[in-house]
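Notes for the one structure printed next.
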Amino acid sequence: MNRNKARVWVLVAVALVAAVVFVGRLYFLQIVSGEEYLERSAKRTARTVTVTAPRGEILDRFGRPLVTNRMSFSVVFDAMTWDKERREEVLTALIALCDGAGQEYIDTLPVSAASPFAYTYEDGSGDQKAVAAYLDDRKWEENTTADELIRLLAERYDLKTQDSALLRKLCGVCYEMETRGFSKSAPYTFARDVDRELVTRIKEHSRSLPGVLIDVEPIREYKTSAAAHILGRVDIIYREEYAALREKGYKMTDMVGKDGVEKSYEHYLRGIDGSKTTETTTTGKTTTVLYEEPPVLGKNCVLTIDLKMQEAAEKALAELVPRLRAEGKTNSRWGGDNAKGAAVVAIDVKTGGLLVSASYPTYDITQYKKQYNALAKDKYLPLFNRAIQGTFPPGSTFKMITAVAGLEQGVIGPDEKMLTTGKYMYYAPSTTPMCDIFRQYGKTHGKIDVSEAIKVSCNYFFYDVGRQVGIDSLADWAGRFGLGQKTGIEIAGEVSGQVASRVAREEKGKTWYPGETLSAAIGQSDTMVTPIQLANYVAQLVNRGVRYKPHLLKSVRDPDTNEEIEAPLPEVVSRIEMSDSTYQAVIDGLHAGAQEVGGTSYSVFGSYGVAVGGKTGSAQAPGGSHALYVAFAPIDDPEVAIAVVVENGGQGSRIPSVAKAVFDAYFGASFENDRRTYEGALIG
């Protein structure tokens, strides 16, 4: 009993001591140090910020990096510590710091930098629509001039400066902040990729820049200057895009793929943003991380493109086109003095994967925004992706289709000889087209079969075969080879072109005349094709009639484990039944054209170490003939098909060197090493 009483008294004593300690602590916190802790709590606030997820990397077929990420500094406005009353003062100081450092900041207000102000958008553009929507939302007149808009914005944002240039800058930033939804739940990014020196200066002026913080976020880093038209770029969301993107979970301040692979595979490349809740002082300094949800990286996209082949192709075009211009000026017979641009496409015959897709002239993606106005005005159209958007008459590269049609329909036999007399007189006197050798030298090709006709590119031979086949059948065969149709390549902007036909002509209310079939048979008339169609048609031809859908995506991989998540299978879109004799006759002609004396590309491939087949073409066009060349290799088991087109480049016999540069990169000694090294790393 006494023992129990003792235990009770011990418990009571412990409780009394705890109570005394607790009360004493409360007294110390609330009475003795109350004012100090009140002041400290007032200077702190909880701030939840988005942690931007890095986008997935883009790699070439062997895993070579094309586009990766690097961490960079951004200048961000935080509404929790932003002083609206000091807006003009803070923005003026910040703009001065940026201007002094040559740092660009985000400003999409389409108004000129100097007074008198003018709109800088093009009619019908997204910027024009954005301004119209902004005016409409505020019930301002739809015909408000740029000068009036700046005045209205100055009133709306209570801007007092009399310096018109500074006023325009302030209005641009304020307009951006408002339209981007700047609020406590949505910080505003003022500038991205800021250098360390400017970051230091901003931090030194932090007391006079309340609400201006420095964040770290990933930005895109391009590991090659090649493939600009393929890779594409990312940028802030345009206002006209936001309605659709908001439903997918995007914020107005997010970055998104704008074109190329960045846009086509946005759903793979985009990561899932994380978040971080921190305790910060009124100056924005983080004191404690309270909660953190890490971001999820975007998935890596491995392309079918071979970087070394792509770089070789772009280098070859960049050397060739200026040379054609220069040589064309000294020898008008060659043409090419007006060469505008070019494209080369190389396709994996067995899968349809694009190995190369190059357009010349090209541009530097990293300088796109800075140089946009100059690029848009450049007469050679560097922003124009000629590989999938340019349309050209195929010229003599079409002759293999005429040959297949004639052979398969029994119009001509594989070994049957035709006497060619230079000038084709069937439709005389109204139509009397000539073979080039007759026009230039007064000679003929004599008696030749279909393989020899392909080798020497005899117009007379194909005039006669085309006439007998007929325009309806020629159009049908061209369609079977995919000409005049979009290939379905993933990147946006591809055009379909057209095939010369009686039906297409009559749909325009015009008549197809029989003599025009002669021109269509040698790839002229109304037929217009893209370089990618041309390359895929050759791939189908040498693949014995099997046509794959061209594609750029080889696989999708986990960024952490490198595990393959998805690998699209090659897709067969068409099959043409072709006899062995037809196939061999055409292949023999192409082989002879590249590697036998007298062939139109013998000067380039006559002693080449790999068995190559090729066909030149020159197609009449305003500004001078287009130069074309198609090729494939190896002869016995074709792997690669190539199409080269030089706009107004003159004679097709002057451009096979581009195909050779691409073949050199593919068949070079380093290729197998690359295959083992990089594919091993991917599997690894």
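The values are calculated or read from the model by the stated rules, or taken from the named source; none is laboratory data. Here the structure is a predicted model, which means the values were calculated and not measured. Note that we place each Cβ from the backbone using ideal geometry, even for glycine, and neighbour counts take in every protein chain shown.
Consider region 547-605 and keep the residues that are aromatic (Phe, Trp, Tyr) and not in a strand (DSSP E or B). The one that is nearest to the chain's Cα centre (by Cα) is Phe605. Identification of strands (runs of 3 or more DSSP E) wholly contained in region 273-386 with 3 or more residues that are modelled with pLDDT of 90 or more and not hydroxyl-bearing (Ser, Thr, Tyr) yields 300-303, 341-348, 354-360. If you check Leu354, Leu407, Leu383 for being buried (at least 22 other Cβ atoms within 10 Å of the Cβ), in the same structural domain as Leu534 (by TED's automatic domain parsing), within 30 Å of Gly63 (Cβ to Cβ) and not aromatic (Phe, Trp, Tyr), only one passes: Leu354. Remark: pairs (first residue in region 547-575, on the phi < 0 side of the Ramachandran plot and among the polar types (S, T, N, Q); second residue surrounded by 13 or more Cβ atoms within 10 Å (Cβ to Cβ) and assigned to a strand (DSSP E or B); Cβ separation under 6 Å; 6+ apart in sequence or on different chains) = Ser555/Val302; Ser555/Glu564; Ser574/Arg547.
Is it fair to say Ile401 is touching a residue at least 24 places away in the same chain (Cβ under 8 Å), assigned by TED's automatic domain parsing to the domain that holds Thr600 and either part of a helix (DSSP H, G or I) or within 36 Å of the chain's Cα centre (by Cα) (or both)? Judged against the criteria, Ile401 is a match. Comparison of Glu89, Glu104 shows that the only residue that is closer than 20 Å to Tyr372 by Cα, of a type in the set (Asp, Glu) and either assigned to a helix (DSSP H, G or I) or in the same structural domain as Val212 (by TED's automatic domain parsing) (or both) is Glu104. Cβ-Cβ contacts under 9 Å between residues 6 or more apart (or on different chains), taken from a first residue in region 121-136 that is of a type in the set (Val, Ile, Thr) to a second residue that is modelled with pLDDT of 90 or more, are listed as Val131/Leu109; Val131/Pro110; Val131/Val111; Val131/Tyr119; Val131/Thr144; Val131/Leu149. Any residue that is hydrophobic (A, V, I, L, M, F, W, C), under 27 Å from Gln389 (Cα atoms) and in contact (Cβ under 8 Å) with a residue 12 or more places away in the chain - is there at least one of those in region 501-511? Within region 501-511, one or more residues are hydrophobic (A, V, I, L, M, F, W, C), under 27 Å from Gln389 (Cα atoms) and in contact (Cβ under 8 Å) with a residue 12 or more places away in the chain.
Being modelled with pLDDT of 95 or more and among the β-branched types (Val, Ile, Thr) holds for only one residue in Thr561, Thr530, and it is Thr530. Within region 221-230, the set of residues being within 14 Å of the chain's Cα centre (by Cα) and surrounded by fewer than 24 Cβ atoms within 10 Å (Cβ to Cβ) comprises Tyr222, Thr224, Ser225. Scanning region 113-147 for residues that are in a loop (DSSP other than H, G, I, E, B) and either more than 29 Å from the chain's Cα centre (by Cα) or closer than 18 Å to Tyr242 by Cβ (or both) yields a count of 16.
All of (1) surrounded by fewer than 24 Cβ atoms within 10 Å (Cβ to Cβ); (2) at pLDDT below 95 hold for Gly650 with one exception: (1). Checking the structure you have, find out if any residue of region 449-461 is surrounded by fewer than 16 Cβ atoms within 10 Å (Cβ to Cβ) and at pLDDT 95 or above. Among the residues of region 449-461, not one is surrounded by fewer than 16 Cβ atoms within 10 Å (Cβ to Cβ) and at pLDDT 95 or above, which makes the answer no. Taking Phe398 as the residue in question, decide whether it is in contact with a strand residue (DSSP E or B) (Cβ under 7 Å, 6 or more places away or on another chain) and either surrounded by 17 or more Cβ atoms within 10 Å (Cβ to Cβ) or over 24 Å from Gln651 (Cα atoms) (or both). So Phe398 does not fit the description; no. For region 196-269, the helices (runs of 4 or more DSSP H) that sit wholly inside it and include 1 or more residues that are in contact with a Cys (Cβ under 9 Å, 6 or more places away or on another chain) and more than 19 Å from Leu303 (Cα to Cα) are 196-204. Answer yes or no as to whether Phe605 is buried (at least 21 other Cβ atoms within 10 Å of the Cβ), in contact with a Pro (Cβ under 8 Å, 6 or more places away or on another chain) and farther than 26 Å from Thr527 by Cβ. Here the answer is yes, as Phe605 does meet what is asked. For region 65-86, a residue qualifies if it is surrounded by fewer than 19 Cβ atoms within 10 Å (Cβ to Cβ) and of a type outside the set (S, T, N, Q), and the qualifying residues are Pro65, Arg70, Met71, Ala79, Met80, Asp83, Lys84, Glu85, Arg86.
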